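Take this structure, written in structure tokens, and hold onto it; I'll ask about it next.
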Amino acid sequence: MDAFDLVLRGGRVIDPARDTDALLDVAFQSGRVAAVGQGLDGATVRDVSGLIVTPGLIDLHTHVYWGGTSLGVDAEQYCRTSGVTTCIDTGSAGPGNFAGFRKHVIEPSAVRILAYLHVSFAGIFGFSKTVMVGESEELRLMAPSEAVEVAEANRDVIVGIKVRVGRHSSGTSGVAPLDIALQAANEAGIPLMCHIDFPPPSYEDVLERLRPGDVLTHAFRPFPNSPIDHQGKVKDAVQRARKRGVMFDIGHGKASFAFKTARGMLANGFYPDTISSDVHALCINGPAFDQVTTLSKFLCMGMPLQDVVAASTVNAAMALKRPELGTLKPGSIGDATILSVHKGEFDYVDVTGEHIIGDKRIFSEGVVIAGRWWHPQDRSKFRRTNK
């Protein structure tokens, strides 16, 4: 048999999609995972013994419309340090400017970029240190018909509809923008991701409208609109929503993750379905920083490593309805992330300013994209696969 293009040799392979946690080799051929086993050989072999090999990490909540919106960060620069191979942009662009996002950012990117399309015509257009305009405040900006048209024309990269509700994003419009976005998602036959911040509306009002497969992001946010009550119990509406298939995403960001909330949720055995950074221009230098830092916070709070990995691989792929992602199953997309877990004393901060000292930290040691080791010198050799 001919040698594989690339082999990662001797790492601890954690692939929750296949219930795998063992010392194995991972081989890549023609841009896909070719084999997982022992004694594999390839044209290029990288010794990753002592490191962890996972499916390529998926960050389900990012803002990477760099240059097109004030909150966008550079996807490739971000992914080099975060171990992320697939960025999901969540509503940076709406139907009025998605064409530019696709042409100038998504298509040239070596990193896979998929998107939730904002139901607001121009997406999140007024988000900076000095200007903060909630795009969902003005219902005239809601563009459900155009959103459906753009989503149907870009099904290879658009995975759902995005809407933001809450005092900071929808003012006094309450759940009206969510109801409009749900109409668009229903018409296009795709999931919805909903942002929630301060009331109105309430956490409960939002949850009761979400459908199986829809994602509530900022799900572990601080009071008000926290998922736990004053006694530290998970709210009944939260439990009901999970039972019917609503997915709960972290979406750390600048103002949407609290250790107090997370401790309460984890103590109740309520793990997030997906862990995401919500990285953007106002939180990339703290408190969110990046995906591996966000994952590390949950590891330090007692969430098992396998569950932490699942929340950024197979679970995220399920939310996207992209089963070819988030796994190292032979034949799947040839993306992988190489991680290390260091022990020591590490300072972590949440959006309320609370600090904890954790005894572990996850670091990205490199990524494989489309079956090739991705680094600056050979960037031009990579081909991105969106499907």
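Gain in length, Asp41 to Lys129, computed as 0.36 nm per residue apart minus the alpha-carbon separation, to one decimal in nm?
Full extension from Asp41 to Lys129 adds 26.5 nm.
Springs between alpha-carbon atoms under 10 Å, Gaussian network over the chain: tell me which of Gly253, Gly174, Gly100 tops the mean-square fluctuations.
Gly100
Round to a whole number: what % of the accessible area of region 113-266 belongs to carbon and sulfur, probe 1.4 Å?
Exposed carbon and sulfur together represent 53 percent of the surface.
Based on DSSP, what percent of beta bridges with both residues in the chain are antiparallel, to the nearest 5?
In the chain, approximately 50 percent of DSSP beta bridges are antiparallel ones.
Something else now. With a 1.4 Å probe and every protein chain left in place, work out the accessible area per residue of region 235-387 in Å², rounded to a whole number.
40
Where in region 354-376 is the amide nitrogen less than 16 Å from a point lying 7 Å along the Cα-to-Cβ axis of Arg263?
Residues passing the 16 Å test: 354-359.
Starting from the Kirkwood Rh over alpha-carbon pairs, what translational D in µm² s⁻¹ does the chain have by Stokes-Einstein at 4 °C and 1.567 mPa s?
Once the numbers are plugged in, D ends up at 62 µm²/s.
Take Phe363 and Ser202, extend 7 Å from each Cα along the Cα→Cβ direction, and tell me the distance between the two endpoints in nm.
Label-label distance for Phe363 and Ser202, simple model: 4.7 nm.
Here's another thing I want to ask about it. Modelled label-to-label distance, Ala176 and Asp19, 7 Å Cα→beta-carbon offset: nm?
The two pseudo-label positions are separated by 5.1 nm.
Follow-up question, since we're still on this one. Among 157-163, 230-236, 179-185, how do they line up by average Cβ neighbours within 10 Å per residue, starting with the highest?
Output ranking for 157-163, 230-236, 179-185: 157-163, 179-185, 230-236.
With charges set only on the Cβ (+1 for Lys and Arg, -1 for Asp and Glu), what does the dipole of region 113-269 come to about its Cα centre, in debye to the nearest 20?
Around 760 debye, computed over region 113-269.
What size of dipole, in debye to the nearest 20, comes out for the chain about its Cα centre when the only charges are +1 on Lys and Arg C-beta atoms and -1 on Asp and Glu C-beta atoms?
Here the chain has a charge dipole of around 160 debye.
Could you work out the equivalent-ellipsoid semi-axes for region 144-278, taking the square root of 5 times each eigenvalue of the Cα gyration tensor, largest first, in whole Å?
Equivalent ellipsoid of region 144-278: 26, 15, 13 Å, largest first.
Taking all pairs of distinct Cα atoms, average 1/r, flip it, and tell me the Kirkwood hydrodynamic radius of region 113-216 in Å to one decimal place.
13.5
Report the FRET efficiency, 1/(1 + (r/R0)^6), for Gln306 and Asn186, where r is their Cβ-Cβ distance and R0 is 25 Å, rounded to 0.05.
0.10
After finding the eigenvalues of the alpha carbon gyration tensor for region 4-129, what semi-axes result from the square roots of 5 times each, listed largest first in whole Å?
Equivalent-ellipsoid dimensions as semi-axes: 36, 14, 12 Å.
Over what distance in Å are the Cα centres of region 45-123 and region 260-319 separated?
After rounding, the separation between the Cα centres reads 17 Å.
Can you pull out the GluC sites (Glu not before Pro) in region 132-163 that DSSP calls coil and that have at most 16 other Cβ atoms within 10 Å?
For GluC sites (Glu not before Pro) across region 132-163 that sit outside H, G, I, E and B with at most 16 neighbouring Cβ atoms in 10 Å, the list reads Glu138.
Let me ask you something else. For Arg244 and Ser49, compute 0.36 nm times the residue count separating them, minus their Cα-Cα distance, and round to one decimal in nm.
Full extension of this stretch gives 66.0 nm more.
The values are calculated or read from the model by the stated rules, or taken from the named source; none is laboratory data. This one's a predicted model, so the numbers in the text were calculated from it and none came from an experiment. All Cβ positions, even for glycine, are placed from backbone atoms using ideal geometry, and neighbour counts span all protein chains on display. Each accessible area value is taken on the protein alone, full model and side chains, heavy atoms only, with ligands, DNA and RNA left out. Shrake-Rupley method; radii C 1.70, N 1.55, O 1.52, S 1.80 Å.
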